[in-house]
Each structure stands twice: as C-alpha cells, then as structure tokens.
Amino acid sequence: MALCGRIAADLGAEVVCVTGDGAEDNRLGSAFLTAGKAVHVGTLSDIEAEISAADALITCGGEIEYPPGPAHVAISLLPEGVDPRQASAFTLMASAGLLDIVGDPGREPLRLAGSQLDYAAGLSAYTAMAALLAGGRGGRARVSLLDVATWLNWKSLVVAHEGDIPPSRKGRDSEWQVLRCRDGWVAFVYRAADWEAVKKLIGNPLLDVPELNIRANRKRQGALIADLAEERFLSMTRAEIIAFARAHRIPMGPVLSPAEIIECPQYLERRVFHTIDGADGPVKVPRVPVSWGDRVFMPGPVPAP
C-alpha cells in the first residue's frame, strides 16, 4: 500500500498517509516509502471530510465502510471470498509457488530478499487506482497479495496448463547460476547461441565434448558447467568477467552492493538515486523509474517525525 502512495506522490499527487502511531522500526524503509507524503497520526474517521473530497483512497485489510466518492482500492492478503486464515507475504509466496523456483532442493525454501511481494502489490494497487481514475471518479478495486504472487509466477502456470512440468528449484544443477569470482559474485547467464563464447571464457577442455553442444544435454550437466565456470571465475575479477561478456554479447552481470548500485555509471546517467532529508540525516532513495521526455520525477521530502 505504501509504495502505491509513494509512486503517486512522486508523480505529483497530494498524498496523506494515515498511521495509528508515529512509531517506525525501519527508519530507512520509512524514509523511502513516506517521501513526498504528509502523515496523519490517527484514524480515517478523523479525516472523513478529506476522504470524501479525495480522488482516491487506498486501504489495507478489514471490511470497513468508507465514505462514498473517491476511487477505492482495497489491499488484502487473500482474495475476496476466501476463508480467512493466518498468512504472511512469505507463506503466500510459498502458496503461489514462487519459493519453488529459486534455491536448492535439498534445503528449506528461502525467503526472497527485501519486500518483493509487498512492492509488487503496491504497483498493482497503483495500476488499479489509475484505471479507476481514468474511468471517472469513483469505483472500487481489490488487490490481494496471493493474486499478485500467482501473477508473478505466471510462467509456471502456463507451463502446467500446457501439460508440461513447471520449473522447480534445481540448485547447483540449474542452467543459470550466481557464482563466486575473485572479488565477489557474478550472474552466470547465457543463451544457447552464446555457448562457444562461454566455452572460450571458461577455457576448460572438458566442455569441448560434442554432447554439450546440445542445450538439453547442457541442462542435464548444469552442476558440472557451474563448477568449471566457478573454478575459472575464482581467478578473475568481476570487471574482467563482465568485460569479456560484453565483448562477446553474453548477458552476464556482476552482483553489486547497494553502495555500488548507487555509483553505477548507468544509474548516475539516468539520475536514479536522489538525496533527501530523513529523520536521521540525508538518505539516498531511488526515484520512480519513469521519465517524460527529458524530465524525471524527483522524490519529495520525508515528513517530520
């Protein structure tokens, strides 16, 4: 829900965030999500007149009657009509199969980093709100995190619908890997047409057998290829590996730290990050990834605590 309002605020809307108290455990996360908003500590009933005059209302959970008038997007964990049960973003990602497409089959499912499902639901809520507003004032839409998680995993559903076996976590046997190198990690990703260049990069004669020229055979030998690639990468830096990949148009990339992402030349050129004043001093936050010609939309200030 918070990301929906953040997008709207960055694009010029006047957004009021209603919170039950002023506490916030994640100060940096709060700075990112509240940038450009006004904060009202209290309840929605305190500002009924403002809600009635608003263009849109975004709510999270609960079956509450709200003043008629604004477009209303209700966000919930489960779809409308589903019997209530204990759930979280983590368990909903498991229910939708998202946790079965990454990781090692011999280990417990891994929680995906960050708040990926929450943010995807926020983008879905913004899309629903924009559609309601484009159709005229008023209307209602529902967004559930379970529906969003299922949509994120749409490829598995399509594969199953066609009668094939959906992709599942293969661990070291996966065709694409994140592998260690001398100064960090790289994403080892390549297309079928890249195989000759990949063999040149790895430089191990074990990969020269004719059987591995067939992709189906390479997929069955994923662990061997990953082991040989990592053995080679441990003697190379990220920069050396990516320089080779770029020269041969292999779609590999380095794993970057947050600090490295902020200083990435591509992001600097596109003005992705901006410094705003947070409760504990200046903080860098990303802008909405939208441009209008040469214009980008800057994040607004963080409201005072």
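Only the coordinates and a few stated rules stand behind these numbers; no lab work does. Not measured: the values here are computed from a predicted model. Counting neighbours? That spans all protein chains shown, and the Cβs are built from the backbone with ideal geometry, glycine included.
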Relative to the Cα centre, what is the charge dipole magnitude of the chain, using +1 at the beta carbon of each Lys and Arg, -1 at the beta carbon of each Asp and Glu, and rounding to the nearest 20 debye? 1160 debye
Along the Cα-to-Cβ line of residue 249, 7 Å from the Cα, sits a label point; which residues in the range 170-212 have backbone N less than 15 Å from it? 190-198
Magnitude of the Cβ-charge dipole of the range 171-255, K/R +1 and D/E -1, about the Cα centre, nearest 20 debye? 220 debye
Determine, for each peptide in 111-121, 262-272, the mean count of other beta carbons within 10 angstrom over its residues, then list the peptides with the highest first. 111-121, 262-272
With R₀ set to 41 angstrom, the calculated FRET efficiency between the beta-carbons of residue 240 and residue 41, to the nearest 0.05, is 0.20
Can you give me the distance in nm between label points at residue 192 and residue 19, each placed 7 Å from the Cα along the Cα-to-Cβ direction? 5.2 nm
Going 7 Å from the Cα of residue 155 along its beta-carbon direction, which residues of the range 237-279 have the amide nitrogen within less than 17 Å of the resulting point? 251-253
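In nm, what is the difference between 0.36 nm times the number of residues separating residue 304 and residue 217 and their Cα-Cα distance?
Using 0.36 nm per residue and subtracting the Cα-Cα distance, I get 25.4 nm.
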Positive-end extreme of charge dipole, the chain - chosen from 146, 122, 189 (charges on Cβ): 189
